[in-house]
Amino acid sequence: MKDQLISAFQARYDADPTIIIRAPGRVNIIGEHTDYNDGFVLPMAINRAVWIALRPRKDATVTIYSVNYDSEDSFDLNNIEHTDAGWIEYAKGMSWALLEAGYSLSGWEGVLAGDVPGGAGLSSSAALEMAIGRAFEAVAGETWDGTKLALLGQTTENDWMGANTGIMDQMISANGQQDHALFIDCRSLDAELVPLPAGSCIVVMDTSTRHSHVDGEYNERRAQCEAAAAAFEVKALRDVSVADFNAKSAILEALTRQRARHVVTENERTLAAANAMKAGDVATLGKLMNASHVSMRDDFEISSTALDKMVEIAQAQPNCYGARMTGGGFAGCAVALVDVDAAESFVAAVAPAYEAATGLTPALYVCDATDGARAVDA
Ligand code: ADP
Ligand code: MG
């Protein structure tokens, strides 16, 4: 990826780039639909990333060529206009958010390329935002806080792109670390690195299904969670323990109870998963992932036939410790925890079995946990 990027830069500018940025995509190992309930999530940064090779300019112009889209666009930092022009809006939005927050920015030009599949739920957009943030940081020759950049990435999604997303994706893309997942408290934004159990690896399994028109479903889930929190007289479902929930759940109407049960138990599972990682307990971590899938399928009802089939096939493999759907739901990716020595045979077994069962060709990625967004050697 990096070599390809440098060649693209050289071909365009007839010079070498002076700065190279890498910002990873991510997968969430456990903790789904807990973020907007002020709860816990446990994502890791993956070995698929958005890269930028660049050189500073003397003026306030930012010019970017996307290799993936084979298109160049530019904008003036003194006059950033929203034009619905596509991918460049992420760069404009991040620049706008940084300027609004008081950062001083100067122009640059460069080439952008990525191998995070777009729209698959691996957060290529958050990776792009963090890449842009780190690009400005490197041009300024300063050191900026990852969590602050993450919050500005979320501002970009919410206020510039109009996407009502949480903070997880940017937090992990900014703050990930090699061989670790990041346990994030979505209320305080405290984050703790926890090691992936030695001898295991994460396999992302893209069902090759994509969701459309599920905003209504998300909004309904959010409203149900808010209603449950109100009934429990707490700020968010994060404040309800499993014991509290079991003692008082009769106050909730049946469907709200079911939705709330997912969030309350998922928070507990995510905490337990972080502890299992710290203890190197791969078997417990896998079981928690399996239980998470059941909860999403039956209580939160955000799985799909394709996701269930992928998870079932994965769980049936020897050397698979656990598997679950990951991401917002209804389509996209599942994630499995697999013995690292068996990863290739796992992929070789799961892909054809899924294809035979569904008629869909999946994409499976054996993932390493990588560092968060930063400048790398040019
Ligand atoms: P996800 O974040 O799940 O991958 P999104 O729809 O949120 O999906 O973000 C994908 C968008 O991010 C793309 O449509 C594009 O605008 C932008 N993007 C991601 N990677 C690149 C890239 N390499 N070049 C240009 N734009 C990119
Ligand atoms: Mg996105």
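The values are calculated or read from the model by the stated rules, or taken from the named source; none is laboratory data. A quick note: this is a predicted structure, and the numbers were derived from the prediction, not measured. A quick note on method: Cβ atoms are made from the backbone with ideal geometry, for glycine too, and the neighbour counts reach across all protein chains shown. Remember, those area values only see protein heavy atoms, side chains included, never the ligands or the DNA or RNA. Shrake-Rupley method; radii C 1.70, N 1.55, O 1.52, S 1.80 Å.
Residues that are assigned to a loop (DSSP other than H, G, I, E, B) and surrounded by 24 or more Cβ atoms within 10 Å (Cβ to Cβ) within the stretch 34-58 comprise T34, G39, listed in sequence order.
Based on this model, can you work out whether D185 counts as in the same structural domain as G322 (by TED's automatic domain parsing), within 20 Å of the chain's Cα centre (by Cα) and not small (G, A, S)? Here the answer is no, as D185 does not meet what is asked. Answer yes if at least one residue in the stretch 2-12 is in a helix (DSSP H, G or I), without any contact (Cβ under 8 Å) to a residue 40 or more places away in the chain and not small (G, A, S), and no otherwise. Within the stretch 2-12, one or more residues are in a helix (DSSP H, G or I), without any contact (Cβ under 8 Å) to a residue 40 or more places away in the chain and not small (G, A, S). Kindly check whether there is at least one residue in the stretch 22-32 that is within 16 Å of ligand 2 (Cβ to nearest atom) and touching a His at 6+ places or on another chain (Cβ under 9 Å). Looking for residues that are within 16 Å of ligand 2 (Cβ to nearest atom) and touching a His at 6+ places or on another chain (Cβ under 9 Å), one finds at least one in the stretch 22-32, hence yes.
Among the residues here, N158 qualifies as open to solvent by 50 Å² or more (accessible area, probe 1.4 Å), out of contact with any helix residue (DSSP H, G or I) (no Cβ under 8 Å at 6 or more places or on another chain) and either in contact (Cβ under 8 Å) with a residue 12 or more places away in the chain or within 16 Å of ligand 2 (Cβ to nearest atom) (or both).
Listed here are the residues, each with its yes/no results for (1) aromatic (F, W, Y); (2) touching an Asp or Glu at 6+ places or on another chain (Cβ under 9 Å).
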{"residue": "G141", "(1), (2)": "no, no"}
{"residue": "L149", "(1), (2)": "no, yes"}
{"residue": "G153", "(1), (2)": "no, yes"}
{"residue": "T165", "(1), (2)": "no, yes"}
{"residue": "F183", "(1), (2)": "yes, yes"}
{"residue": "A191", "(1), (2)": "no, yes"}
{"residue": "N219", "(1), (2)": "no, no"}
{"residue": "C225", "(1), (2)": "no, no"}
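Considering (1) near ligand 1 (Cβ under 9 Å from one of its atoms); (2) in contact with a helix residue (DSSP H, G or I) (Cβ under 9 Å, 6 or more places away or on another chain); (3) closer than 21 Å to S74 by Cα, the lone condition that D169 does not fulfil carries the number (3). From the list S212, S173, pick out the single residue that is within 16 Å of ligand 2 (Cβ to nearest atom) and without any contact (Cβ under 8 Å) to a residue 12 or more places away in the chain. Checking each option against the conditions leaves just S212. When L77 is tested against the conditions (1) buried (at least 22 other Cβ atoms within 10 Å of the Cβ); (2) farther than 30 Å from V234 by Cα, the lone failure is (1).
Tell me yes or no: at least one residue of the stretch 24-33 is outside any strand (DSSP E or B), touching a Leu at 6+ places or on another chain (Cβ under 8 Å) and under 23 Å from M296 (Cα atoms).
yes
The set of residues in the stretch 122-143 that are away from ligand 2 (no atom under 16 Å from the Cβ) and open to solvent by 10 Å² or more (accessible area, probe 1.4 Å) comprises R134, E137, A138, V139, A140, G141, E142, T143. Residues considered: G322, G286, G372. Of these, the only one that is free of Cβ contacts under 8 Å to residues at least 40 places away in the same chain, small (G, A, S), more than 16 Å from ligand 2 (Cβ to nearest atom) and surrounded by 19 or more Cβ atoms within 10 Å (Cβ to Cβ) is G322.
Taking residues in the stretch 121-133 that are in contact (Cβ under 8 Å) with a residue 24 or more places away in the chain and aliphatic (A, V, I, L, M), and partners anywhere that are open to solvent by less than 20 Å² (accessible area, probe 1.4 Å) and within 9 Å of ligand 2 (Cβ to nearest atom), the pairs with Cβ atoms closer than 8 Å and at least 6 places apart or on different chains are A126/E157. On the given criteria, is G114 open to solvent by less than 40 Å² (accessible area, probe 1.4 Å), away from ligand 2 (no atom under 16 Å from the Cβ), modelled with pLDDT of 95 or more and under 18 Å from the mean Cα position of the chain (by Cα)? No; evaluated as a whole, the condition is false for this residue. Given the structure, is L98 open to solvent by less than 20 Å² (accessible area, probe 1.4 Å), in the same structural domain as D14 (by TED's automatic domain parsing) and not aromatic (F, W, Y)? For L98, the condition - open to solvent by less than 20 Å² (accessible area, probe 1.4 Å), in the same structural domain as D14 (by TED's automatic domain parsing) and not aromatic (F, W, Y) - is met.
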